[in-house]
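What follows is calculated from the coordinates using simple rules that are stated; it is not laboratory data. Since the model is a prediction, treat every value here as computed from it, not as a measurement. In this analysis, Cβ positions are derived from the backbone assuming ideal geometry, glycine residues included, and neighbour counts consider all displayed protein chains.
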Amino acid sequence: MSCIGTCIGESSPTQVAFISKSMPRSGEYVTLEYDGKKVLGMVEGLVRGSPSISGDILDPGIVEKILGFEGEEEQYVRGNVKLLGGVETLEIPRIPPPPGTKIHRADSAVLKKIFGSGTIKLGRLLSHPDVEVFVDGNKMISRHLAILAITGAGKSNTVSIIVDGILKLNGMPVIFDMHSEYASAQFDGVKRISPKLNPIYLSADEFKILVDVGKEAYVQERYLRKAYSAAKEKVREGSKNFITDIISTLEELQASEEDFTQSERNALVGVINKIEDFESKYEGLVNPHVGDILDEFEQGVANVVDLGSVDEDYADVIVSHVLRKILYRRKNKKIPPAFCILEEAHILAPAFRSTLSKYWIDRIAREGRKFGVGLCLVSQRPKSLDPNSLSQANNTIIMRLVEPSDQRHVQQASERLSDDLLSQLTSLNIGEAIVLGLMTKIPALVKIEKFEGKLSGGDPDIIGEWQNASKSSKEKVEKEKKEVDELYGGMV
């Protein structure tokens, strides 16, 4: 093991300062031996300096002269080591390391023992590429997960690696696919689930959102609930004309409006208009001919609910509907444990607005652990994601985040994210991540493995499409010109 530095100054059981001639990497694992124990730590807060070139020198010529006779040999590196615990037990030591304690690079064998005991492989350590990183699948699913990063940093690839790992364990991932990225992915097994709902299984609140009856429209809501209940009963009796049944019930109410006030008449007409708009807007999606959407889910395949063609209101309804039924069925042991992955989680559980999905995300975050229902919130806009939902994800994979407000939001929700790790978020490359939480024994900087299967996401080749369109247009013009030339040439 190579020595990278020596402890200096005052230390605590959790942190120690060091000085070094060599330049370690921020996030690198090190070991210290004291009090009869070997303790694991992580390098943080690196700074580099020179005893001769201080910050108050304002003349570049003087700096050049000093470098001429001093060189870089006299420069030093200062930093801190966050003590993570004993190598064997990872328990935080009760005694701080004494000044003068040597700090060594951690041996790969030690790190392999720590990171090699999980059930789902994520990738490899950035500081030790020979060390594979596995996480505890049980703790990831039962204690929930958040995957956060700017667009293009590798969120979809990370989701795919996790889904692939779950499928190797014969699990049941459920992906709410907002951009139709995963339906054609080359997992070991994938099942695209059409976003169609049978109205008989919807709640009144879910249907109300689709019809666009607002919270303050109490009179409209009363009429809608009456007509909706009557239509559901007719569907149970065999009717296949759900929308017609609702409108006929509302028209019957309209025909008996002798005692209605003008506002009640207006409300009734408004509901009928909204039902007709709903029929054209969601034609084929709310359909009494289809079965219960949850009956389509299977264990051992990636269940992809394809929401790429629906609007946000419909996505909210279908996500809340599926989450609600998954939780209830798990309580009754009617389906296998499920891991629900929510792409664009900031749309489904926004910070400053109520949605049905937000309610059920919160319910599952609180109750899901007991019944085997896990959540994975995926977002490129953490500051727009409900902080309560985010704080209940006890595991986090954070990739590149540039905006300071997003960084602060994530740090507030994750007490395990130190200031030094936070400062590294802007410098992470594509596919690199900070992994925190109960699913990993210690925080880790990880290069996420590349998913080999095909995904339909990613940035389009816009320039290529323009060039192809231009080429096709030119070829078409040349072809038409040639045909005209041949036509008139033959007439001469």
Checklist line | Gain in span if fully extended, residue 212 to residue 35, counting 0.36 nm per residue against the direct Cα distance | finding: 57.0 nm
Margin query: Which trypsin sites (Lys or Arg not before Pro) in the stretch 248-346 sit in a loop by DSSP (not H, G, I, E or B) and have at most 16 other Cβ atoms within 10 Å of their own Cβ?
Written below: 333, 334
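Which percent, to the nearest 5, of DSSP beta bridges fully inside the chain are antiparallel?
Of those bridges, close to 65 percent are antiparallel.
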Next item on the list: Would you mind checking which residues have amide H under 5 Å from residue 449's amide H? H placed 1.01 Å from N; only 5 or more apart, or other chain.
Entry: 123, 124
Notebook entry, point to check: Would you list 6, 261 from fewest to most Cβ contacts within 10 Å?
Noted result: 261, 6
Item checked: Extent along principal axes [Cα atoms of the chain; Å; largest to smallest] -> 98, 85, 47
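Treating only the Cβ of Lys, Arg, Asp and Glu as charged (+1, +1, -1, -1), what charge dipole size does the stretch 199-281 show about its Cα centre? Round to the nearest 20 debye. Please list the in-between numbers first.
Numbers: 12 positive and 17 negative charges, 66 e Å.
It comes to approximately 320 debye.
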Notebook entry, point to check: Want the number for residue 310 to residue 109: 0.36 nm per residue separation, take away the alpha-carbon distance, what's left?
Noted result: 67.3 nm
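Restricting to DSSP loop positions (anything but H, G, I, E, B) with no more than 10 other Cβ atoms inside 10 Å of their own Cβ, which chymotrypsin sites (Phe, Trp or Tyr not before Pro) remain in the stretch 1-56?
Working: sites: 18, 29, 34; in loops: none.
For chymotrypsin sites (Phe, Trp or Tyr not before Pro) across the stretch 1-56 that sit outside H, G, I, E and B with at most 10 neighbouring Cβ atoms in 10 Å, the list is empty.
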Check: Which GluC sites (Glu not before Pro) does the stretch 9-50 hold that lie in a coil by DSSP with at most 15 other beta carbons within 10 Å?
Finding: 10
Margin query: Can you tell me the orientation of helix 262-281 relative to the chain, as the angle in degrees between its alpha-carbon axis and the longest Cα principal axis, to the nearest 10?
Written below: 70 degrees
Check: Which of 82/383; 112/168; 208/281; 121/155 have a Cα-Cα distance over 24 Å?
Finding: 82/383
Margin query: Given the DSSP H assignment, sum -39500 (n - 2.57) over each helix run of at least 4 residues in the chain and divide by its residue total; what's the result at 222 nm in deg cm²/dmol, nearest 500?
Written below: -12000 deg cm²/dmol
Margin query: With angles folded into 0 to 90 degrees, how steeply does helix 462-491 sit against the dominant principal axis of the chain? Use alpha carbons for both and round to 10.
Written below: 50 degrees
Notebook entry, point to check: Angle, helix 218-236 long axis vs. longest principal axis of the chain, Cα atoms, 0 to 90°, nearest 10?
Noted result: 80 degrees
Next item on the list: Sort 398, 335 so that the residue with the fewest other Cβ atoms within 10 Å of its own Cβ comes first and the one with the most comes last.
Entry: 335, 398
Next item on the list: Give the residue from 269, 256, 238 lying farthest towards the positive end of the charge dipole for the stretch 199-281; charges sit on Cβ (+1 for Lys and Arg, -1 for Asp and Glu) and the dipole is referred to the Cα centre.
Entry: 238
Checklist line | Dipole moment magnitude, nearest 20 debye, the chain about Cα centre, only Lys, Arg, Asp, Glu C-beta charged | finding: 1940 debye
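With a ≥ b ≥ c the root eigenvalues of the C-alpha gyration tensor of the stretch 275-380, is it rounded (a/c under 1.5), prolate (a/b larger than b/c) or oblate?
Working: a/c = 1.83, a/b = 1.24, b/c = 1.47.
Oblate is the answer for the stretch 275-380, as a/c is 1.5 or above yet b/c matches or exceeds a/b.
Within 10 Å of each residue's Cβ, count the other Cβ atoms and sort 341, 53 from fewest upward. Let's see the in-between values first.
Values: 341 26, 53 14.
Listing 341, 53 from fewest to most nearby Cβ atoms yields 53, 341.
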Check: Convex hull volume of the Cα atoms in the stretch 199-281, per residue, in Å³?
Finding: 83 Å³
